[in-house]
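The values are calculated or read from the model by the stated rules, or taken from the named source; none is laboratory data. Just so we're clear, the structure is a prediction, and the values are computed from it rather than from any experiment. In this analysis, Cβ positions are derived from the backbone assuming ideal geometry, glycine residues included, and neighbour counts consider all displayed protein chains. Heads up: the accessible areas ignore ligands, DNA and RNA and are worked out on the full protein's heavy atoms, side chains in. Shrake-Rupley method; radii C 1.70, N 1.55, O 1.52, S 1.80 Å.
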Amino acid sequence: MAELLRFRDDEAVDHPAVTVDSFLGQSNANAVRIEPGDDARALLPHLDQVSLVEVNFPVFGDGRGYSAARILREAGYTGELRAVGDVLVDQIALMRRCGFDAFEPDKPLDDADVETALARWPHVYQPTTDGRVPIRTKRHE
Amino acid sequence: MYRYDHYDQAMVDARVAEFRDQAQRRLDGKLTEDQFKPLRLMNGLYLQLHAYMLRVAIPYGTLDSRQMRMLADIAEKYDRGYGHFTTRQNIQYNWIKLEDAADILADLATVEMHAIQTSGNCIRNISSDHFAGAAADELVDPRPYAELLRQWSSFHPEFSYLPRKFKIAVIASESDRAAMRLHDIGIRIVEKGGMLGAAFYVGGGMGRTPMIAPLVRDFVPLDQLVTYAEACLRVYNRHGRRDNKYKARIKILVHELGAEEYTRQVEEEFAHLLGQGIEPPLAELERIKDFFPDPAFSTDAPTDIDRSDSAFALWVDRNTHPHKIPGHASAVISLKPVGGIPGDATAGQMRLMANLAERYSFDECRVMHTQNVVLPHVRMADLHAIWTELEAAGLGSPNLDTIEDIIACPGLDYCSLANARSIPVAQRIQERFAETGRTEVLGELKLKISGCINACGHHHAGHIGILGVDRKGVENYQLLLGGSEAQDTALAKITGPGFDEEGIVDAVEKATDVYLDQRQGGERFLDTYRRIGMTPFKEALYG
Ligand code: HEM
Ligand code: SF4
């Protein structure tokens, strides 16, 4: 089964996430799973009750999950944001920037490859909620 | 010209290292072709019919001599001694080996160049007016805005897996020399109440469903430009169609939602993003602008030239464009010699162009979307010397914007998606019109050829367009009339049943007969077509 790669210190939620529809219908779940077509903004009124959001990537080329992640982080969500599915080592640096802090790939990733990929970019051009200082700010400090 | 600082350089170097690693993993079998494909595409590496093709970015088409010389070196070292300048102001090499690709990227990085995001479903190289900084009619130089957007769009964390490719053009004059409204986002820098801002046109494109981008916002203040672009992209990334690759471009989203609803969603996202610190500080725009000062033009350059050599005079009339400084001109080097391959240049020709740029044009040249190269800032007094050298190198064709200045895609000679050959058709047409001496008589006539419905050769936007189709296994060519990619953007219409290779050349000639017969005053082909309509042309072609 897929290994879980986590960049958080808290305890991982250990029960399965529910769909957005059932989450919105039953208000006591704290783990929810977003599919590519789901509107991440539907979760915003309930963020204080959520500790895990899984974002599914059925195919790595479907980039809607990147927007979903940023929307949640921009709204102040601080719980776990986990990319699941067809998650490959070549995408995880971008995913980290969009706010993902956990990965559960269908095929386990090689630890050394992950380390190389995450250390790759010495700088970033765009600001996101990950707090890295973008080049255009560094230039004027 | 923009120069990298250590940040830009570090990013490009990191990309080379990343790609070297990815290519190695592919060669070692650790990556499948399916997994490798989007990665190589994001570095401009395509698989064509016979070999890999590498597309190198030339941001907004601007190059210095050192960069042009590197392009020549690469052509010699890794390709067959030539390169192909494209309609998106880039250059492509058609005969590349996967094993060499990382080395080529490393060579490019030494002269501040790269192939980042020149293909793939991401934000592509940003194009601009090839006469930027030189044209008499521009409001400001559009390139600083293009550079600002280049940096914003490079390795964008959210927009690297869009539904489909995404092309942006930036201009700053009423004349449109960049096919701005045929881009996913077209930006025109405008002035309102003494302030500069950006008009956003969103949802244009060619391909199988050509569309002219509607105006989405007539004025975005300059300190919100990047944020507005981010909002346009986020709405597209979330809602653009992913179920059908032929309906995945933003033009389909804008069309299906309607421009008004798309705009409403963008404005909502924009209002949210304004609070997210997306926009670079204005100091960054100012920093970039400082790289694009006016060169040290002489203010008293002579304006009259000796026109006694009629071949030279013809070239001056055809291939130069008015410059904002008296006594100067922008001189176009035609890469359309009769019988050649449109946009191709040999390493030797590239070096000559580099030398001329260095000596006569403040070390700058530009790639035009018409697959030619321009020396933007030359003294009129130097035109004769420039022309003499170009002539000697086979680059002196006086045919800018004429029927010989054909845009053609690679077609069946290289492209795996092609239905028909484009290059030989372009050559036959050039030869026919050059032989009959009609090129000059016809004046401005923009002819564009694509080898299939994907429209890489802009056939929808040609005064005359030619589209190669497959008819029961035989190459067949449809004729289109009345397109334009200038400020009067229009999509061409099909005349009727297609023609075979010989027939299409005759058909083009017949269409020009109708024009010569019917034209009034100083009308161009396009003007006559607009006045008289399709019917007289149909009668001549099929009657
Ligand atoms: C030989 C390999 C090539 C392949 C496989 C290829 C593929 C494609 C495809 C599939 C499209 C349609 C995209 C869509 O509508 O979503 C397209 C459009 C286009 N391509 Fe190419 N192309 C190739 C070469 C070129 C070259 C050499 C140029 C420049 C000379 C070029 C410039 C363009 C342009 C300008 C468009 C239209 C963009 C638009 O739809 O707005 N392509 N290409
Ligand atoms: S128009 Fe078609 S044939 Fe021509 S390059 Fe594009 S995909 Fe290939």
Between B:LYS493 and B:GLU523, what length comes free when the chain is fully extended (0.36 nm per residue of separation minus the Cα-Cα distance, one decimal in nm)? 8.8 nm
Overall form of chain B per C-alpha gyration tensor (a/c, 1.5; a/b vs b/c): rounded
Karplus couplings for segment B:106-111 from phi (6.51 cos²θ - 1.76 cosθ + 1.60, θ = phi - 60°), rounded to Hz, Gly and Pro as x? 5, 4, 4, 4, 5, 10
Using a/c under 1.5 as the rounded threshold, could you call segment B:429-482 rounded, prolate or oblate? The axes a ≥ b ≥ c are square roots of the C-alpha gyration tensor eigenvalues, and prolate needs a/b larger than b/c, oblate otherwise. oblate
A chain fully extended from B:GLN24 to B:LEU49 at 0.36 nm per residue, minus the present Cα-Cα distance, gains in nm 6.7 nm
Gap separating the Cα centres of segment B:351-404 and segment A:26-48, nearest whole Å: 60
Under a point spin-label approximation (7 Å from Cα along Cα-to-Cβ), what is the B:LYS97-B:THR299 distance to one decimal in nm? 5.8
Taking a Cβ-Cβ separation under 4.7 Å as the criterion for a possible partner, which cysteines of chain B have none? B:CYS122, B:CYS232, B:CYS365, B:CYS415, B:CYS452
Below 12 angstrom from the Cβ of B:ALA72, what's the summed charge of the other residues (Lys, Arg +1; Asp, Glu -1)? 0
Size of the B/A contact, given as accessible area buried on both chains, probe 1.4 Å, in Å²: 3600
Report, in whole Å, the centroid distance computed from the Cα atoms of segment A:79-116 and segment B:230-309. 31
For segment B:6-109, what does the alpha-carbon gyration tensor say about shape, rounded, prolate or oblate, given a ≥ b ≥ c as the root eigenvalues, a/c under 1.5 as rounded, and a/b over b/c as prolate? oblate
Send over the Kirkwood Rh of the protein assembly as shown, from the inverse of the averaged 1/r over different Cα pairs, rounded to one decimal Å. 26.4
Helix A:64-74: inclination vs chain A longest Cα principal axis, degrees, rounded to 10, gives 90
Quote the relative contact order of chain B in percent (integer), defining contacts as alpha-carbon pairs under 8 Å separated by 6+ residues. 13
Roughly speaking, what is the centre-to-centre gap between segment B:116-189 and segment B:453-482 when only Cα atoms are used, to the nearest Å? 26
Over segment B:407-542, calculate the relative contact order: mean separation of alpha carbon pairs under 8 Å at least 6 apart, over the residue count, as a percent. 19
Loop-resident sites, segment A:1-83, for trypsin sites (Lys or Arg not before Pro), counting at most 13 other Cβ within 10 Å (DSSP): A:ARG8
Averaged over A:63-72, number of beta-carbon atoms from partner chains that fall within 10 Å: 6
Looking at segment B:305-353, which trypsin sites (Lys or Arg not before Pro) are DSSP coil and have at most 15 other C-beta atoms within 10 Å of their C-beta? B:ARG307
Quick one: in segment B:407-542, what % of C-alpha pairs are over 20 Å apart? 41
Roughly how crowded by other chains is peptide A:131-141, in terms of the mean Cβ count from those chains within 10 Å of each of its Cβ atoms? 5
FRET efficiency, 1/(1 + (r/R0)^6) with R0 35 Å, evaluated for B:ASN244 and A:HIS140 via beta carbons: 0.20
DSSP-loop trypsin sites (Lys or Arg not before Pro) across segment B:429-484, with at most 11 other Cβ within 10 angstrom: B:LYS472
For A:VAL55, enumerate residues with amide H under 5 Å from its amide H, sequence gap 5+ or separate chain, H modeled in the peptide plane. A:ILE34, A:ARG82, A:ALA83, A:VAL84
Hey, any idea what % of the protein assembly as shown's accessible area is carbon plus sulfur with a 1.4 Å probe? 50
Taking the simple approach of a point 7 Å from Cα along Cα-to-Cβ for both B:GLU261 and B:LEU215, what is their distance in nm? 2.4
Of B:LYS37/B:LYS165; A:LYS107/B:LYS247; B:LYS192/B:LYS289; B:LYS167/B:LYS448, those spanning more than 24 Å from alpha-carbon to alpha-carbon: A:LYS107/B:LYS247
Could you do me a favour and compute the accessible area per residue for the protein assembly as shown, 1.4 Å probe, result in Å²? 37
Within 10 Å of each Cβ in B:283-296, how many Cβ atoms from other chains are there, averaged over the peptide? 1
Quick calc, B:HIS272 & A:ASN28: beta-carbon distance into FRET formula, R0 30 Å, rounding 0.05, result 0.55
